[in-house]
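Working notes for the structure below.
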Amino acid sequence: MNLLKATGTIGGLTLASRVLGLVRDSLFARYVGAGFASDAFLVAFRLPNMFRALFAEGAFASAFIPMFNRKVGDPEGQGLPDGLDFAERALAVLLPVLIVMTVLLEVLAWPVTLVLSGQFNGVSADQFAFAVSLSRMTIPYLMLISLVSLCGGILNSLHKFWVNAAAPILLNLTLIAALLLFHSADPMVTARNQAIGVSVSGALQLAWLVWACRRAGVSLRLRLPRLDADVKRLMALIWPAAAGAGAVQINLVISTALAASLLAHGSVTYIYMADRLNQLPLGLIGIGLGTVLLPTISRQLGGGDEAAAMETQNRGLELALLLTLPATVALVLCGEPIAAALFGYGRFTPQDAHFTAQALAAFSIGLPSYILVKVLTPGYYARQDTVTPVRYATISMGVNLVLNLALILPLQHAGPPLATAIASTVNVAMLYRTLVARGQFTTDARLRRRVPRLALAALAMGAVLWAGQGLLMPYVHGTWLVRFLTLAVLVSAGGLVYGLAAILLGAFSKADLQLLLRRKRAPSE
């Protein structure tokens, strides 16, 4: 498998989804602004968002894909039919659990919203009831997106990565349509329509994945649930993997609850908007790499090829840093023009954009860590070790909670993002140290040679962007076209400087560039 090509396919579709997400967030900022209505919707949206990250991009895939691949690749088995039989048995148990969980969450929406928001900061009983109603509207998405992850896991194992990667586009298109067609002068009405759109998008995503499975010759039958040995093993792997893969998301939930309860209205929105910008490179790089690395390393280890698995992780780490370091520097130094260009109009004031940029800088310090988690955890999951990542994730969450409490009042809306960034860095350090200690990961000479050069190239790019962003600031408040062109100039200038610096410093060779171009011209696999 071509790691760069597969990652690029997933990353490209995820990038399209993230770009549409920025369009959605820009419209949301225009029609809802930063206040109680926006905070109420974003708190209601936090729980579905967390489950999407945990299941669609984390725990279920981490547990299901290695087991599914082993069934398909067992030389004594029947191949794909054995894998699909396992998938049907998993669905038979998963579906009733999801139905019961959805009903319980609907009934318990009031305390769930209380936990997620800390009952906000100085709101009336009617306002809190409105927030609870938004939560009830978004809760069905949890069940729908979990079923999407089952279908997506099967398609990923069959190397049809693009289908699952394209599904989130439907979420953004649905919410964009709701904003354009059903916005109101009352931001609370617009927020309510967004909440309805979340669950509608879940149904559309499930329909898309079911259709794609049938096109691939996969049709899962409904069975009576039975807890056989395979299903018990799957369930035992899912829950610890959920905590391990979702440390960042759980940290964000803690940050959101503290911000909603302790800070002024609008703070949740600043943190959310900053996180959305921070998620752009994470979606392009981290999710694509994590999706490809897990089945690839699982297959290599299943074949007894430890050297190939080590090489795959080294190249994954190298690719992650190649793309992540410049994104980190750019978001930390140039958050102000970026936030102003994307969000700073309509109900979203220049001060709101400024506060968002502050939160973005704090989040982006941890961007390499968020992505390296996606690169390192497949080394555990491919060996069916979910205990170690969850132990480290738990420690990371404890660090996050302590730092949140320490930083939220002095740093306000920048405190929780900074706490999340530091906690994620602690998590990565523990994951890396343990893999090395076990002899399951060793950095090769190529990686050790290139990482310092990549860092220097990113810093050179940052110096140029810092010096030039003042020239661009007058243009970030113009029309859509002017804003777009301004961001295009910023991104293009940064990319050009980084690319030239990387080549001059020997971090990225001309041979690498020629190989990349040849792969792009190669026919599709």
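The values are calculated or read from the model by the stated rules, or taken from the named source; none is laboratory data. Since this is a predicted model, take the numbers as computed values, not measurements. Here the Cβ is made from the backbone with ideal geometry for all residues, glycine too, and neighbour counts use every protein chain on show.
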> Is there a residue being surrounded by 24 or more Cβ atoms within 10 Å (Cβ to Cβ), of a type in the set (S, T, N, Q) and modelled with pLDDT under 75 anywhere in the range 277-284?
Replying inline: no
> Quick check: anything in the range 434-456 touching a residue at least 40 places away in the same chain (Cβ under 8 Å), assigned by TED's automatic domain parsing to the domain that holds R276 and under 27 Å from S255 (Cα atoms)?
Replying inline: no
>> Among the numbered criteria (1) at pLDDT 80 or above; (2) surrounded by 22 or more Cβ atoms within 10 Å (Cβ to Cβ), which one does L333 miss?
In response: (2)
> When the range 184-206 is examined, which residues are found to be buried (at least 18 other Cβ atoms within 10 Å of the Cβ) and of a type in the set (D, E)?
Replying inline: none
> Restricting attention to the range 131-142, which residues are in contact with a helix residue (DSSP H, G or I) (Cβ under 6 Å, 6 or more places away or on another chain) and in a helix (DSSP H, G or I)?
Replying inline: A131, V132, L134, S135, R136, M137, T138, P140, Y141, L142
> Restricted to the range 1-50, and to residues that are closer than 25 Å to A165 by Cα and of a type in the set (S, T, Y), which residue is modelled with the lowest pLDDT?
Replying inline: T7
>> If the requirement is being at pLDDT 80 or above, under 18 Å from M143 (Cβ atoms) and buried (at least 18 other Cβ atoms within 10 Å of the Cβ), which of these qualifies: V107, V112, V97, V103?
In response: V112
> Taking the condition under 30 Å from E88 (Cα atoms), among the aliphatic types (A, V, I, L, M), surrounded by fewer than 24 Cβ atoms within 10 Å (Cβ to Cβ) and free of Cβ contacts under 8 Å to residues at least 40 places away in the same chain, does L170 pass?
Replying inline: yes
> Has the range 391-410 got any residue that is more than 30 Å from A236 (Cβ to Cβ), in contact (Cβ under 8 Å) with a residue 40 or more places away in the chain and buried (at least 21 other Cβ atoms within 10 Å of the Cβ)?
Replying inline: yes
>> Being surrounded by 13 or more Cβ atoms within 10 Å (Cβ to Cβ), outside the structural domain of I395 (by TED's automatic domain parsing) and modelled with pLDDT of 75 or more is true for just one of L496, L431, L505. Which residue is that?
In response: L505
>> Out of L147, L179, L158, I need the residue that is out of contact with any strand residue (DSSP E or B) (no Cβ under 8 Å at 6 or more places or on another chain) and over 30 Å from G79 (Cβ atoms). Which one?
In response: L179
>> If I filter the range 65-86 for residues that are crowded, with 24+ Cβ neighbours inside 10 Å, at pLDDT below 85 and within 29 Å of G346 (Cβ to Cβ), do I get at least one hit?
In response: no
>> Just to verify a result, which residue in the range 473-493, among those that are under 21 Å from G346 (Cβ atoms) and hydrophobic (A, V, I, L, M, F, W, C), is modelled with the highest pLDDT?
In response: L485
> Restricting the search to the range 210-227, which residues are without any contact (Cβ under 8 Å) to a residue 40 or more places away in the chain and farther than 13 Å from L91 by Cα?
Replying inline: W211, R214, R215, G217
> Looking at the range 133-143, is at least one residue on the phi < 0 side of the Ramachandran plot and surrounded by fewer than 18 Cβ atoms within 10 Å (Cβ to Cβ)?
Replying inline: yes
> Quick one: is G379 modelled with pLDDT under 85, of a type outside the set (A, V, I, L, M, F, W, C) and more than 20 Å from the chain's Cα centre (by Cα)?
Replying inline: no
